[in-house]
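Here the structure comes first, spelled out in structure tokens, and everything after it is commentary.
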Amino acid sequence: MNARTALGLAAALAIGTAHAAPDTKLLDAAKAAQPAVVDTLKTLVTIETGSADVEGLAKIAGVLDDRLKALGFKTERRKATAGADIVIGTLKGTGKRNVMLQAHMDTVYERGILQSQPIRQDGNRLYGPGIADDKGGIAVILHSIKILNEAGWKDYGTLTVLFDPDEEVGSNGSGETIAALAAQHDVVLSCEPTTAKDVVKTETLLLGAAGTASVVMEVKGRASHAGAAPELGRNAIYEISHQMLQTRDLAKEVPGAIMNWTNVISNKATNQIPELAVARADVRMTQPGVEVKLNELLQARIASSKLIPDTTTTATLTVGRPAFIANAAGKALAERGQAIYREIDRELALVPMTGGATDAAFAARSGKAAVVESFGLAGFGYHARDEYIELDSIVPRLYLMTRILTEIGRQ
Ligand SMILES: [Zn+2]
């Protein structure tokens, strides 16, 4: 154990025995805001915003642009995809620290989902497509800022809010904007959901997420008549099978990398020796840079052996999201979040790594900002059916966000 860890542990133990009293002003404001948060959630979920839903994304961008302006932000739009904008708001304060809050507007659901999965409440659960992932995150941002505005808080240099429209499809159009903006900030709080308490015991903040990449492998052989002249053909399916098998365990040699072949396409005809076959692999990275090593091994392995002469095999690895690994400042901030949660007698677990990808990866890429993920509402069922948030997570999450912002301002 190094000195830093020991100090952190001592502080944690001290907090564990006698935690600080809550900031009752912020807590009361969070309680008072709950009905408005529910209204906002209903407004946002009612606008269907699948990642390809150009119309829905334009509508929600308009609504959020107006909401940010009403909170005093200067807003701008940047193109993310052919059809959708990133909404960015900036607010100037009188403090020193530059803070960015981010969440995404798009969902995984197709247009029409509200017909089969309408908004409904059942006890502590409010159901709706995208309500947790990530409209709950948007609501936390808007209402936390409203609470702090009303408290007269100006303890920041620049407060930036970013809502992107393509997170669920890899943030290809907004990743670079997120990375560039985040590098100009001291802190980025990313607002994906935390898992509901009825699923896991403790709410969480997230400090790491796997990066994603894909490999496209292509084999070119030679077509021929499968009955009359099979010997003239060079079977691309046989060759790609060989190449997939000889590379299937490659990632085991690269700690922090996972690779699985997940898709193959080839000939449609059944009476022809296939000329072309294409395979795709899903790659996950839990350490920075491992995709480079994996790609080197992949290229070497493919070159090392061939089953069918006269075929050519190429493989291209493309990185989607980088891996998210919080730096020391991010970890310290998350520990502060734990202490804040204890003020209201709640526990918060810090999760070092998850398999799911997140925009926090782009925010953390430069290593300059302290980045922590999962400041959204507690929920479950995202990317599945019957997505919901837990209503009793609204107040604690508003308290967490508002308190941590005021603490960041004081640093
Ligand atoms: Zn999400």
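This table checks each residue for (1) in contact (Cβ under 8 Å) with a residue 12 or more places away in the chain; (2) surrounded by fewer than 20 Cβ atoms within 10 Å (Cβ to Cβ).
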position	(1), (2)
Ser116	no, yes
Asp133	yes, no
Phe163	yes, no
Gly170	yes, yes
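Considering (1) closer than 22 Å to Thr158 by Cβ; (2) open to solvent by less than 60 Å² (accessible area, probe 1.4 Å); (3) part of a helix (DSSP H, G or I); (4) not aromatic (Phe, Trp, Tyr), the lone condition that Arg336 does not fulfil carries the number (2).
Within region 269-293, being β-branched (Val, Ile, Thr), open to solvent by 40 Å² or more (accessible area, probe 1.4 Å) and not in a helix (DSSP H, G or I) holds for Thr270, Thr286. Kindly check whether there is at least one residue in region 348-357 that is surrounded by fewer than 23 Cβ atoms within 10 Å (Cβ to Cβ), β-branched (Val, Ile, Thr) and either within 16 Å of the ligand (Cβ to nearest atom) or in contact (Cβ under 8 Å) with a residue 40 or more places away in the chain (or both). Scanning region 348-357 turns up at least one residue that is surrounded by fewer than 23 Cβ atoms within 10 Å (Cβ to Cβ), β-branched (Val, Ile, Thr) and either within 16 Å of the ligand (Cβ to nearest atom) or in contact (Cβ under 8 Å) with a residue 40 or more places away in the chain (or both). Selection of region 68-107 for residues being among the hydrophobic types (A, V, I, L, M, F, W, C) and open to solvent by 60 Å² or more (accessible area, probe 1.4 Å) yields Ala70, Ala82.
Within region 252-268, the presence of at least one residue that is among the hydroxyl-bearing types (Ser, Thr, Tyr), at pLDDT 95 or above and part of a loop (DSSP other than H, G, I, E, B) is confirmed. Note on region 205-216: residues that are closer than 17 Å to Ala326 by Cα, touching a Phe, Trp or Tyr at 6+ places or on another chain (Cβ under 9 Å) and in a strand (DSSP E or B) amount to 5.
So for region 273-294 (the condition being free of Cβ contacts under 8 Å to residues at least 12 places away in the same chain and either within 30 Å of Ile138 (Cβ to Cβ) or away from the ligand (no atom under 16 Å from the Cβ) (or both)), does at least one residue qualify? Yes: one or more hits. Filtered by the rule that a residue be aliphatic (A, V, I, L, M) and either touching a Pro at 6+ places or on another chain (Cβ under 8 Å) or open to solvent by 10 Å² or more (accessible area, probe 1.4 Å) (or both), region 371-401 gives Leu377, Ala378, Ala384, Ile389, Leu391, Val395. Taking every residue in region 240-269 that is within 28 Å of Ala209 (Cα to Cα) and pairing it with any residue that is open to solvent by 80 Å² or more (accessible area, probe 1.4 Å) and in a helix (DSSP H, G or I), at least 6 positions away or on another chain, the pairs with Cβ-Cβ distances below 7 Å are Val254/Lys293.
Close contacts from region 394-411, counting a first residue that is within 13 Å of Asp186 (Cβ to Cβ) and a second that is modelled with pLDDT under 95 and not in a loop (DSSP other than H, G, I, E, B), with Cβ to Cβ under 7 Å and a gap of 6+ residues or different chains, come to none at all. Flag: Thr94 matches the condition of being part of a loop (DSSP other than H, G, I, E, B) and within 30 Å of Ala180 (Cβ to Cβ). Of all the numbered requirements in (1) modelled with pLDDT of 95 or more; (2) out of contact with any helix residue (DSSP H, G or I) (no Cβ under 8 Å at 6 or more places or on another chain); (3) closer than 15 Å to Leu348 by Cα, Thr195 misses one, and that requirement is (1). Inclusion of Ala363 among residues that are part of a loop (DSSP other than H, G, I, E, B), within 16 Å of the ligand (Cβ to nearest atom) and crowded, with 18+ Cβ neighbours inside 10 Å is not warranted.
If the condition is being more than 24 Å from Gly355 (Cβ to Cβ) and open to solvent by less than 60 Å² (accessible area, probe 1.4 Å), then region 301-333 contributes Ile302, Ser305, Ile308, Thr311, Thr313, Ala329, Ala332. All but one of (1) outside any helix (DSSP H, G or I); (2) surrounded by 24 or more Cβ atoms within 10 Å (Cβ to Cβ); (3) within 16 Å of the ligand (Cβ to nearest atom) hold for Val219; which doesn't? So the condition that Val219 fails would be (3). Checking each residue in region 128-173 for being within 16 Å of the ligand (Cβ to nearest atom), of a type in the set (S, T, N, Q) and touching a Lys or Arg at 6+ places or on another chain (Cβ under 8 Å) picks out only Ser171. When residues in region 367-411 are screened for being of a type in the set (S, T, N, Q) and part of a helix (DSSP H, G or I), 3 of them pass.
The values are calculated or read from the model by the stated rules, or taken from the named source; none is laboratory data. None of the values given here were measured: they were computed from a predicted structure. Please note: Cβ atoms are built from the backbone with ideal geometry, for glycine as well, and neighbour counts cover all protein chains shown. Surface accessibility is based on the protein's heavy atoms, side chains included, excluding ligands, DNA and RNA. Shrake-Rupley method; radii C 1.70, N 1.55, O 1.52, S 1.80 Å.
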